[in-house]
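Worksheet for the structure shown next.
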Amino acid sequence: MARKKKKVPEINASSMADISFLLLIFFLVTTTMDTDSGIFRRLPPPVENPDMDVKVKERNILNVMINKYDKLMVNGKPCDIADLKDKTRDFITPKPNDEKAPEVEVKEIDMIGNFMTNKGVVSLKNDRGTSYQMYIAVQNELAKAFNELREEVAMTYFKQHYNDMTDKDKVDAVNKAVPVRISEAEPEEIK
Amino acid sequence: MAKFRKGGSKEVPAISTGSMPDIIFMLIFFFMVTTSMRETTLKVKMKLPAATEVQKLEKKSLVSFIYIGPPTNTKLYGTEPRLQLNDSYARIDDIIPFVEQERMDRAEADRQKLTTSLKIHEEVRMGLVTDVKQELRKCGAFRISYSTRKGE
């Protein structure tokens, strides 16, 4: 009996290209490019008359101060950073019938219609000795409060998450309804 | 008596190299996508503070960077936080010319959209940061971004 030669069949390599493309696409989708991210803020233009104080009613201001030991004070009372978001949130929510809450103003906004906006301003003051880490933590908490309110407005008026909105007009409308009003004082020493 | 079988029956077939180009291309694409070119060498230590409410910087070409942190070479420059613009240490007074230069490098229509990204080490005191912000206000670079890393 003559035995047949045993041959190992050659591996079919024609699908290799497909596999590599699959991998390529997988990596394309999953790798996040090292994009820079951060908290956006707009600086106010320089003050022309430093002596001229802008009068703002007391009920319209939320005073946030950070001293050089990174301790926080909100409206004259010591406050923990964990409570800052809720306090800010409470402050910026429009409450037309509350005497102590900031004033509200009815504005007409495209795509939303008449909307009650809050005239409250968060005044942020920090000492020269405050650490940058603490400052960012505070900015982050403030941003969180504003974003939460924006999310709420986006959900009620557009049935969409604020972060998922792609239509620029809608984003602008929500931004107008909930403006980020954070005023940073001119630098000075805080005890 | 057992004999060693001779002949080419046990030859291992050659591995096909036909897909080699594909693999190489894949690697090339992969590295092309993931590498972010760094234009400046950092001379200051950079540990960004963490934040959750971050936004992405959109137009990379319209961003200029200011780095603040303690020098990397502490033996030579000490531990006091320093400012870095482009490739060298700078003083507060250098910010205005720097911003002007950055504006000149952009197309005229884009100059107003220029964002300054502040990359600041988390242990830096706010005094220095405030000074930098005051300078930026003076020269009209109002759009800023506090660069952070994502997370709690």
Checklist line | Matching entry among B:102, B:53 (being crowded, with 18+ Cβ neighbours inside 10 Å and at the interface with chain A (Cβ under 9 Å from one of its Cβ atoms)) | finding: B:53
Next item on the list: May I ask you to list the residues in the range A:155-183 that are part of a loop (DSSP other than H, G, I, E, B), modelled with pLDDT of 85 or more and of a type in the set (A, V, I, L, M, F, W, C)?
Entry: A:178, A:180
Next item on the list: Among the residues of the range A:117-134, write down those that are small (Gly, Ala, Ser) and either over 20 Å from residue B:123 (Cα atoms) or more than 7 Å from every other protein chain (Cβ to nearest Cβ) (or both).
Entry: A:120, A:123
Check: Picking from B:63, B:33, which residue would you name as being modelled with pLDDT under 75, under 29 Å from residue A:39 (Cβ atoms) and facing chain A (nearest Cβ under 9 Å)?
Finding: B:33
Checklist line | Options A:147, A:114, A:140: the member that is of a type in the set (S, T, N, Q), more than 23 Å from residue A:55 (Cβ to Cβ) and in a strand (DSSP E or B) | finding: A:114
Next item on the list: Quick one: count up the residues across the range B:108-151 that are among the hydroxyl-bearing types (Ser, Thr, Tyr), under 20 Å from residue B:52 (Cα atoms) and over 19 Å from the mean Cα position of the chain (by Cα).
Entry: 0
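If a residue counts only when it is under 27 Å from residue A:127 (Cβ atoms), which helices (runs of 4 or more DSSP H) contained entirely in the range B:38-152 have at least 3 such residues?
Numbers: elements: B:74-77, B:95-105, B:126-138.
Where helices (runs of 4 or more DSSP H) fall fully within the range B:38-152 and carry at least 3 residues being under 27 Å from residue A:127 (Cβ atoms), they are B:95-105, B:126-138.
Name every residue in the range A:138-160 that is under 15 Å from residue A:115 (Cβ atoms) and touching a Ser or Thr at 6+ places or on another chain (Cβ under 6 Å), in order of residue number. Write out each step before concluding.
Quick first cut of the range A:138-160, residues under 15 Å from residue A:115 (Cβ atoms) only: A:149-150, A:152-158.
Answer for the range A:138-160, where residues must be under 15 Å from residue A:115 (Cβ atoms) and touching a Ser or Thr at 6+ places or on another chain (Cβ under 6 Å): there is none.
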Next item on the list: Kindly establish whether residue B:133 is within 12 Å of another protein chain (Cβ to nearest Cβ), free of Cβ contacts under 8 Å to residues at least 40 places away in the same chain, of a type outside the set (Ser, Thr, Tyr) and buried (at least 16 other Cβ atoms within 10 Å of the Cβ).
Entry: yes
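Under 17 Å from the mean Cα position of the chain (by Cα) and at pLDDT 85 or above, is that true of residue A:121?
Details: under 17 Å from the mean Cα position of the chain (by Cα): yes; at pLDDT 85 or above: yes.
Against the criterion (under 17 Å from the mean Cα position of the chain (by Cα) and at pLDDT 85 or above), residue A:121 qualifies.
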Check: Which of the residues spanning the range B:109-126 are at the interface with chain A (Cβ under 7 Å from one of its Cβ atoms) and in contact with an Asp or Glu (Cβ under 8 Å, 6 or more places away or on another chain)?
Finding: B:117, B:126
Margin query: When the residues of the range A:135-159 are narrowed to those that are more than 20 Å from residue A:43 (Cβ to Cβ), of a type in the set (A, V, I, L, M, F, W, C) and more than 10 Å from chain B (Cβ to nearest Cβ), which ends up surrounded by the fewest Cβ atoms within 10 Å (Cβ to Cβ)?
Written below: A:155
Notebook entry, point to check: Scanning for something in a strand (DSSP E or B), touching a Cys at 6+ places or on another chain (Cβ under 9 Å) and farther than 24 Å from residue B:149 by Cβ, does the range A:101-110 turn up at least one residue?
Noted result: no
Margin query: Can you list residue pairs whose Cβ atoms sit under 6 Å apart, with the first residue in the range A:126-144 being within 20 Å of residue B:70 (Cα to Cα) and the second being small (Gly, Ala, Ser) and assigned to a helix (DSSP H, G or I)? Count only pairs 6 or more apart in sequence or on different chains.
Written below: A:128/B:127
Item checked: Hits in the range A:74-85 - residues which are farther than 14 Å from residue A:137 by Cα and surrounded by 13 or more Cβ atoms within 10 Å (Cβ to Cβ) -> A:74, A:75
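The values are calculated or read from the model by the stated rules, or taken from the named source; none is laboratory data. What you are looking at is a predicted structure, and each value in this text was computed from that prediction instead of being measured. Note that we place each Cβ from the backbone using ideal geometry, even for glycine, and neighbour counts take in every protein chain shown.
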